[in-house]
Amino acid sequence: MDKTVASAAEAVADIGDGATLAVGGFGLCGVPAVLIDALHTQGTTNLHVASNNCGVGEMGLGKLLHAHRIARMTASYIGDNREFARQYLAGELEVELIPQGTLAERLRAAGVGIPAFYTPAGGGTLVETGGIPWRYDTEGHVVASSPPRPTAEFTVDGVTRTYVLEQAFFADFALVRAIKGDRHGNLVFHRAARNFNPVAAMAGRVAIAEVEELVEVGALDPDEVHLPGVFVHRVLPLTPEQAADKPIEKRTLRDLT
């Protein structure tokens, strides 16, 4: 089945207001920027997004954030995104911060049909007991916070610990970026871009991938494929200019003279 689409606008056309998204990328590595730009142009709003972070400045998801298109963000890292912090503290954005490994597993679990799982991450903290502020009002009062998590005791390697129950993150759509892919949706990711893109794609009921290099079916060695096409529904081949547009989060230069 040929899953390629002709344009980014076509790829995201059915993502409506209030949709839940799983978005790949790690920092600015492997961010599906072309699909995000198309979603911004389309005007979709009130989005609930799960991603490692929310972009840098107005790059990546930061473009949707600055346009106030994101209503709720599930993430593990805020970084240097001052607008993210400002919207959160001003009551304009609901934020669920969770451990990074837990976020990855919540996405992966959704992809394999596991509705919930136990993890030791967050045990004995506010992750377990609840009370992490999710939303403030304009006066700085907490109006929504994380609930207590169910727990259970498990003995692993002779050590009994408290494990916290976490629910999988099932998304309406997933947006990811691959360095290489074929028309059937088999994808290959490059280095750090592999951190969250595969599991984000797995979590989406409809997964949309922008691909830097489109190859013919059969050109990829099966051992080379990081995500099989069964998880991918649409493939957007990028132009050489789009594929080459990769901003650097922090540029550090040394004087070699």
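Here the convex hull built on the C-alpha positions of segment 1-70 has a volume of 90 cubic angstrom per residue.
Hydrodynamic radius of segment 106-252 by the Kirkwood approach over all distinct alpha-carbon pairs: 18.1 Å.
So if we plug the beta-carbon distance of A219 and T45 into 1/(1 + (r/R0)^6) with R0 = 51 Å, what FRET efficiency do we get, rounded to 0.05? Efficiency for this residue pair is about 0.85. For segment 107-188, what D do you get in µm² per second when you plug the Kirkwood radius from alpha-carbon pairs into Stokes-Einstein at 4 °C and 1.567 mPa s? After rounding, the answer is 81 µm²/s.
Each residue of segment 57-101 gets 69 Å³ once the volume of the Cα convex hull is shared out per residue. For the chain, carbon and sulfur atoms together expose 53% of the accessible surface, with a 1.4 angstrom probe and every protein chain in place.
How far is helix 100-111 tilted, in degrees, relative to the longest principal axis of the Cα atoms in the chain, given as a value from 0 to 90 rounded to the nearest 10? Orientation of helix 100-111: about 60 degrees from the principal axis. Over the chain, one equal point on each Cα, no solvent: what is log10 I(q)/I(0) by the Debye formula at q = 0.09, 0.12, 0.14, 0.15 Å⁻¹? Computed log10 I(q)/I(0) values: -0.42, -0.72, -0.95, -1.06.
For segment 172-232, a Kirkwood hydrodynamic radius built from all Cα pairs, placed in the Stokes-Einstein relation at 10 °C and 1.306 mPa s, yields a translational diffusion coefficient of 142 µm²/s.
Ligands, DNA and RNA are left out, and with a 1.4 angstrom probe the accessible area of the chain is 48 Å² per residue.
Checking every one of the chymotrypsin sites (Phe, Trp or Tyr not before Pro) in segment 47-114 against DSSP loop status and a limit of 12 other Cβ atoms within 10 Å picks out no site at all. Stokes-Einstein diffusion for segment 35-133 at 25 °C, viscosity 0.890 mPa s, with a Kirkwood radius from C-alpha pairs, works out to 169 µm²/s. Pairs of alpha-carbon atoms within less than 8 angstrom and 6+ residues apart define the contacts here; what relative contact order does the chain have, in percent? For the chain, the relative contact order is 22 percent.
The values are calculated or read from the model by the stated rules, or taken from the named source; none is laboratory data. All values derive from a computational prediction rather than experimental measurement. For neighbour counting, all protein chains shown are included, and Cβ atoms are generated from backbone atoms with ideal geometry for every residue, glycine included. Calculation scope for accessible area: heavy atoms of the full protein, side chains included, ligands and nucleic acids excluded. Shrake-Rupley method; radii C 1.70, N 1.55, O 1.52, S 1.80 Å.
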